[in-house]
Amino acid sequence: MVAQVTLTPNEGKRLIAEAVATLPELQQALKNGKVLFKGGTTVSALTEKLLGIPLRISGRISARGALTSVESDLRNPHTLLVDRGVPKNVDQEILSAVRSLGPGDIAIVGANALDRFGHTAMMAGTIGGGAPGEGWTSLMTEGATVWILAGWDKLIPTTIEEAVAASGRKKTSIALGMSVGLMPLFGKVFTETEAFGILGKVKATVIGKGGILGGEGAIVYALEGEEEEVLRLFHLVEQLKGAGVSGTKDSLKECTGPNPRCATHEACVYGKRDTIRRKK
């Protein structure tokens with residue numbers, strides 16, 4: 001049997017969360033080891049599913065550009081560590097949290113770019129991506145498993161290598177929102193395609209992208225498999241329809257003009273740099 005389903009980016013994030021939450025290695029690490037969750041809307045969808053804890057969202061891409069939040073309750077975690085079942089906000093101790101991870105532990109992060117080879121990268125609007133960025137680069141040395149949750153809406157037509165070369169905070173003269181650089185990520189990537197495969201014995205194929213009237217960025221999938229499996233996933237998709245943005249509600253409010261965060265950003269047309277910065 002073949003069914004066609006359409007998921008918006010927000011619905012796709014919830015699907016990925018539904019799937020990853022079922023994985024035995026994650027359940028084992030949550031119970032007997034450590035799992036580090038780095039804030040982002042896809043990862044927040046997962047922590048909301050697993051723990052009922054939304055994450056604080058910092059940087060984001062909106063219709064206005066690459067922006068950050070301005071009114072966030074810092075008591076809510078951007079980076080959350082679950083140590084043998086006990087969740088803890090580690091925003092003020094990210095490096096030590098990363099260094100505490102080892103084999104059998106899992107670190108989970110989202111991505112802003114995914115290329116056709118399965119390579120990923122995360123945007124950084126501050127030097128080194130701030131403390132979270134510094135922590136994630138250190139993570140690669142500690143032997144923990146890294147999972148990268150990235151929907152197909154993050155697919156770029158170039159390679160990650162080309163995108164990294166084209167980006168750069170200080171090489172950019174003017175930007176809608178903060179200018180960004182890209183930090184390559186390394187780990188196992190989970191898209192909606194993998195999610196469908198985890199949740200059922202089906203083959204999921206992307207057959208179209210785009211949309212209007214609230215369906216901007218939507219993706220159409222063909223699901224092929226035994227009737228019972230296909231229908232079960234079809235009904236799951238129906239339950240996900242209308243899913244909103246993940247994350248704490250206050251952190252979704254984005255900056256609108258000059259504010260204290262401008263000092264750490266480059267080239268933003270909405271902030272103090274309202275003219276093109278000429279390069280010598």
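The values are calculated or read from the model by the stated rules, or taken from the named source; none is laboratory data. All values derive from a computational prediction rather than experimental measurement. Cβ placement follows ideal geometry from the backbone for every residue including glycine, while neighbour counts extend to all protein chains displayed.
Regarding the range 115-124, can at least one residue be identified that is over 30 Å from residue 220 (Cβ atoms) and either at pLDDT below 95 or not in a loop (DSSP other than H, G, I, E, B) (or both)? Before the answer, list the steps.
So in the range 115-124, the residues over 30 Å from residue 220 (Cβ atoms) come out as 124.
Next cut, either at pLDDT below 95 or not in a loop (DSSP other than H, G, I, E, B) (or both) only: 124.
Among the residues of the range 115-124, at least one is over 30 Å from residue 220 (Cβ atoms) and either at pLDDT below 95 or not in a loop (DSSP other than H, G, I, E, B) (or both), which makes the answer yes.
Which count do you get for residues in the range 228-260 that are basic (Lys, Arg), out of contact with any strand residue (DSSP E or B) (no Cβ under 7 Å at 6 or more places or on another chain) and in a loop (DSSP other than H, G, I, E, B)?
Within the range 228-260, the first condition is being basic (Lys, Arg), and the residues that meet it are 232, 241, 249, 253.
Right, trim to out of contact with any strand residue (DSSP E or B) (no Cβ under 7 Å at 6 or more places or on another chain) and you get 232, 241, 249.
Applying the additional criterion that residues be in a loop (DSSP other than H, G, I, E, B) yields 241, 249.
So the answer is 2.
So in the range 199-213, with the set limited to residues that are over 18 Å from residue 19 (Cα atoms) and not aliphatic (A, V, I, L, M), which one is surrounded by the fewest Cβ atoms within 10 Å (Cβ to Cβ)?
Here is the first cut: in the range 199-213, the residues over 18 Å from residue 19 (Cα atoms) are 207-213.
Checking which are not aliphatic (A, V, I, L, M) leaves us with 208-211.
Values: 208: 12, 209: 12, 210: 10, 211: 14.
Only one residue tops the list, namely 210.
From 279, 209, grab the single residue that is at pLDDT below 95, among the basic types (Lys, Arg) and more than 26 Å from residue 71 (Cβ to Cβ).
Criteria check complete, one pass: 279.
Among the numbered conditions (1) outside any loop (DSSP other than H, G, I, E, B); (2) loosely packed, with under 14 Cβ neighbours inside 10 Å, tell me where residue 216 comes up short.
(1) is the only condition that residue 216 fails.
Return the total of residues in the range 148-186 being part of a strand (DSSP E or B), more than 29 Å from residue 15 (Cβ to Cβ) and of a type in the set (A, V, I, L, M, F, W, C). Working first, answer last.
Restricting attention to the range 148-186, the residues satisfying the condition of being part of a strand (DSSP E or B) are 148-149, 155, 175, 177, 181-185.
Next, from what is left, pick out any that are more than 29 Å from residue 15 (Cβ to Cβ): 175, 181.
Right, trim to of a type in the set (A, V, I, L, M, F, W, C) and you get 175.
Total satisfying the criteria: 1.
Go through the range 16-105 and tell me which helices (runs of 4 or more DSSP H), entirely inside it, have 3 or more residues that are under 20 Å from the mean Cα position of the chain (by Cα) and crowded, with 20+ Cβ neighbours inside 10 Å.
Numbers: elements: 24-32, 41-51, 94-99.
Filter on the range 16-105 gives 41-51, 94-99.
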